[in-house]
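The values are calculated or read from the model by the stated rules, or taken from the named source; none is laboratory data. Predicted model only: the values in this text are computed from it and were never measured. In this analysis, Cβ positions are derived from the backbone assuming ideal geometry, glycine residues included, and neighbour counts consider all displayed protein chains.
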């Protein structure tokens, strides 16, 4: 999940997260665009049969290697764990547990205190105050959005 895919070409190493969630380091030989995505060539992975077990793994970059972001942009991983709070009432709506891309603004997956889930559009008009160091996102929810939670 990046808005700067060319950045991967500058890295020497990435980590792949497989189904078990454990990271495995891989040396990058090359990266290129392919069918709307990125095609990675890893050192020592020289055939499709060697690459097949890696299909679907998440490519991760160590925190120290992340590129600095301009103001107003955030890494998805930095938003996870943030408390979502209604700006007007102070009500704690839940905790960010994930992210969904939907073609428009992304959606924050928020686990509610009652165990339900709510999807909050990550738009400036809704997520009005984002404090990553303070682990808080203050929101102005459109009317009825809280009622759509599952």
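Rundown of residues vs (1) at pLDDT below 85; (2) touching a strand residue (DSSP E or B) at 6+ places or on another chain (Cβ under 8 Å); (3) in a loop (DSSP other than H, G, I, E, B), yes/no style:
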{"site": "1", "(1), (2), (3)": "yes, yes, yes"}
{"site": "9", "(1), (2), (3)": "yes, yes, no"}
{"site": "24", "(1), (2), (3)": "no, yes, no"}
{"site": "29", "(1), (2), (3)": "no, yes, no"}
{"site": "38", "(1), (2), (3)": "yes, yes, no"}
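Would you pick out the residues in segment 35-74 that are under 30 Å from residue 147 (Cβ atoms) and surrounded by fewer than 11 Cβ atoms within 10 Å (Cβ to Cβ)? Lay out the reasoning, then the answer.
Step one: filter segment 35-74 for residues under 30 Å from residue 147 (Cβ atoms), giving 72, 74.
Passing the criteria: only 72.
Residue-by-condition table, conditions (1) under 18 Å from residue 88 (Cβ atoms); (2) under 16 Å from the mean Cα position of the chain (by Cα); (3) surrounded by 12 or more Cβ atoms within 10 Å (Cβ to Cβ); (4) in the same structural domain as residue 88 (by TED's automatic domain parsing):
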| site | (1), (2), (3), (4) |
| --- | --- |
| 109 | no, yes, yes, yes |
| 117 | no, no, yes, yes |
| 121 | yes, yes, yes, yes |
| 125 | yes, no, no, yes |
| 129 | yes, no, yes, yes |
| 135 | no, yes, yes, yes |
| 138 | yes, no, yes, yes |
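For residue 77, which of the numbered conditions (1) surrounded by 10 or more Cβ atoms within 10 Å (Cβ to Cβ); (2) closer than 25 Å to residue 138 by Cα; (3) modelled with pLDDT under 85 fails to hold? Exception for residue 77: condition (3). Scanning segment 33-71 for residues that are in contact (Cβ under 8 Å) with a residue 12 or more places away in the chain and closer than 30 Å to residue 129 by Cβ yields 58, 60, 61, 62, 65, 67.
Pick out the one residue from 59, 45 that is in a loop (DSSP other than H, G, I, E, B) and outside the structural domain of residue 138 (by TED's automatic domain parsing).
Working: 59 fails: in a loop (DSSP other than H, G, I, E, B).
Exactly one residue qualifies, and that residue is 45.
Answer with yes or no whether residue 101 is more than 16 Å from the chain's Cα centre (by Cα) and surrounded by 10 or more Cβ atoms within 10 Å (Cβ to Cβ). Judged against the criteria, residue 101 is not a match.
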